[in-house]
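I have placed the structure first, in the form of structure tokens, so that the comments after it can refer back to it.
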Amino acid sequence: MVWTALGAFLVINAMLLSASLLVFAERRVSAFIQNRPGPNRVGPLGLLQPFADVLKFVLKEDVQPAQSNKFIHSMAPVVMVVIAMTTAALIPFAEGVVVADLNVGVIMLLALTSISVYGVTLAGWSSNSKFSLLGGLRSAAQMVSYELSMGLAVISVVLIAGSLNFMEIVEHQNSGGALLGWNAVRNPIGCLIFIVTAFAETNRAPFDLPEAEEELVAGYHTEYSGMKFGMFFLAEYVNWFIASFFIVTLFFGGYLVPFEPQLIALFPALEGSTLLALLQFGSLMLKVGFFAFLFIWVRWTFPRFKYNQLMKVGWKYLLPISLANAILIALGVVLFGAVGL
Amino acid sequence: MFGDFVPLFLMIALALGLALTLLAAAAYIGPSRPSETKTMPYESGMDPVGSAHERYSVKFYLVAMIFIVFDVEVVFMWPWAASFHSFVESGAGLGVIAVLSLFTFILLVGLLYDVKKGGLDFEQ
């Protein structure tokens with residue numbers, strides 16, 4: 001119990017720290033992509049920039065718009081932060097290292113992520129601004145539409161692994177030889193659909209319509225300032241980081257070190273040792289780092305969808321494709337067996 | 001069984017504590033000097049026209065309804081997916097796939113009808 005509490009505390013702090021690092025990383029990488037220096041004045045290489053930002057958030061006035069619903073206006077960012085942080089409890093960091101090892105982990109993940117629709121919609125509705133309302137509605141329709149395809153992509157993984165537990169899904173990818181066991185290899189269409197829907201669910205470009213600045217000023221957080229705006233910002237970056245974790249966990253072998261069975265065969269002493277756990281954590285973080293980078297890369301490369309295109313992609317393409325993919329994967333499991341390819 | 005969920009609730013409690021602390025810190029440390037112009041809802045520098053809580057496009061309700069239909073479908077697929085391996089082991093794999101394909105087909109016809117009727121067209 002004490003260890004669980006300590007673990008939960010550590011995970012939340014790690015998420016806070018990585019969110020601030022990601023803010024910095026995004027600003028520097030986008031600057032690099034656009035051939036300009038980016039923030040490089042606060043601290044060595046500008047590394048203290050996120051902390052300066054946090055100070056600004058706390059020290060600035062928190063403006064409450066007139067005729068807004070004060071309670072809902074304050075609670076919307078709280079919902080966003082709580083949901084973003086809670087999802088981190090489900091991530092397996094190494095073999096047996098997870099805050100909440102649920103046998104229905106996958107369902108819990110989808111349940112938690114769908115609650116964040118409430119945060120965005122309530123923020124938009126309670127601000128008493130037309131831009132916020134439109135942003136909130138758009139975002140509700142968008143997240144709801146892409147949630148279906150995301151659920152179906154995850155179902156195709158569950159069909160292969162035969163379990164709803166994240167740890168078991170990761171361990172299952174250890175079978176079938178080296179990297180070939182990764183679900184990205186066995187289920188490439190599901191992997192692509194999951195990555196696309198992860199972008200849509202986290203409201204990241206090219207799916208950042210809820211906050212399309214050219215049309216909606218800042219979307220659902222137009223009327224937010226000070227720390228409440230900072231909390232939306234924090235939730236967005238934590239969501240993005242956690243989305244990378246789940247892309248890796250479900251499709252890219254999670255914490256598994258590449259060629260782990262062969263490595264253990266070479267050095268039998270590794271089995272169950274702390275060194276292996278550290279190696280697994282390192283390999284997880286490398287993979288997650290790549291996908292976190294992918295989120296930035298895509299944001300500064302692709303233009304934003306129009307709203308009608310967004311709905312068209314979600315309902316007319318992704319949904320039928322992901323349904324067909326789930327059935328195809330089921331057929332594959334029957335024909336080729338669950339373990340081999 | 002229920003004990004598995006205790007860490008999750010602990011995480012929710014910690015996250016709630018963090019979020020409320022941030023709110024309280026900002027409320028106590030930050031200045032608060034509201035004025036009429038400052039609290040006015042933003043409308044590109046003009047005085048706001050009317051209330052924001054007005055009617056909006058019926059398309060959003062349509063999307064919500066279609067979502068519920070398909071979400072229930074996906075909910076039906078979860079137990080099927082979770083117990084799929086035991087079906088395969090007992091040799092009923094192809095049978096349950098056929099049943100689910102029929103179920104999915106009926107819903108896809110519904111989606112096709114909706115698309116043909118223009119329920120998901122946002123081009124106007």
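Each reported figure results from applying straightforward, stated rules to the coordinates on display, with no laboratory input. What you see is a predicted model; the values in this text were computed from it and never measured. Every residue, glycine as well, gets a Cβ built from its backbone with ideal geometry; the counts of neighbours run over all protein chains shown.
A few comments on the model shown:
- Angle between chain A longest axis and helix A:274-299 axis [Cα atoms, degrees, rounded to 10]: 50
- The value obtained for chain B, namely the Cα convex hull volume divided by the number of residues, is 199 Å³ per residue.
- Label zone at A:Val104, where the point sits 7 Å out along the Cα-to-Cβ direction: the stretch B:1-34 residues whose backbone N lies under 18 Å: B:1-12
- Cα gyration tensor category, rounded, prolate or oblate, for the stretch A:244-341 with a/c compared to 1.5: oblate
- Cβ-based net charge around B:Gly30, under 12 Å, with every Lys or Arg adding one and every Asp or Glu removing one: +2
- Approximating the spin labels as points 7 Å out from Cα along Cα→Cβ, the A:Phe302-to-B:Phe5 distance works out to 3.6 nm.
- Column: log10 I(q)/I(0), Debye, Cα scatterers of the stretch B:59-116, q = 0.25, 0.30 Å⁻¹: -1.00, -1.20
- Listed by chain and number, the lysines whose alpha-carbon sits under 28 Å from that of B:Lys117, ignoring those within fewer than 8 places in the same chain, are A:Lys306, A:Lys312, A:Lys316, B:Lys59.
- Listed by Cβ neighbour count within 10 Å, with the fewest neighbours leading, B:Ser35, A:Ser283, B:Ser57 appear as B:Ser35, B:Ser57, A:Ser283.
- Axis of helix A:130-161 versus longest Cα principal axis of chain A: the two differ by about 0°, to the nearest ten degrees.
- Pairwise FRET efficiency - A:Leu294 versus A:Leu45, Cβ, R0 = 22 Å, nearest 0.05: 0.45
- Cα gyration tensor category, rounded, prolate or oblate, for the protein assembly as shown with a/c compared to 1.5: oblate
- Taking other C-beta atoms within 10 angstrom as a stand-in for reagent exposure, A:Tyr224, A:Tyr255, A:Tyr307 fall in the order A:Tyr307, A:Tyr224, A:Tyr255, fewest first.
- Rough spin-label spacing in nm, given labels placed 7 Å along Cα→Cβ, for A:Gln67 and B:Val75: 3.7
- With the cut-off at under 17 Å, measuring from each backbone N in the stretch A:42-58 to a point 7 Å along the Cα-to-Cβ line of A:Leu21 picks out A:44-52.
- Virtual spin-label span in nm between A:Glu215 and B:Phe103, 7 Å along Cα→Cβ: 3.6
- For the stretch A:132-156 and the stretch A:88-113, distance of Cα centres in Å: 21
- Mean separation of Cα pairs under 8 Å and 6 or more residues apart, divided by the residue count, gives chain A a relative contact order of 24 percent.
- Between the stretch B:50-124 and the stretch B:1-35, the alpha-carbon center distance in angstrom: 36
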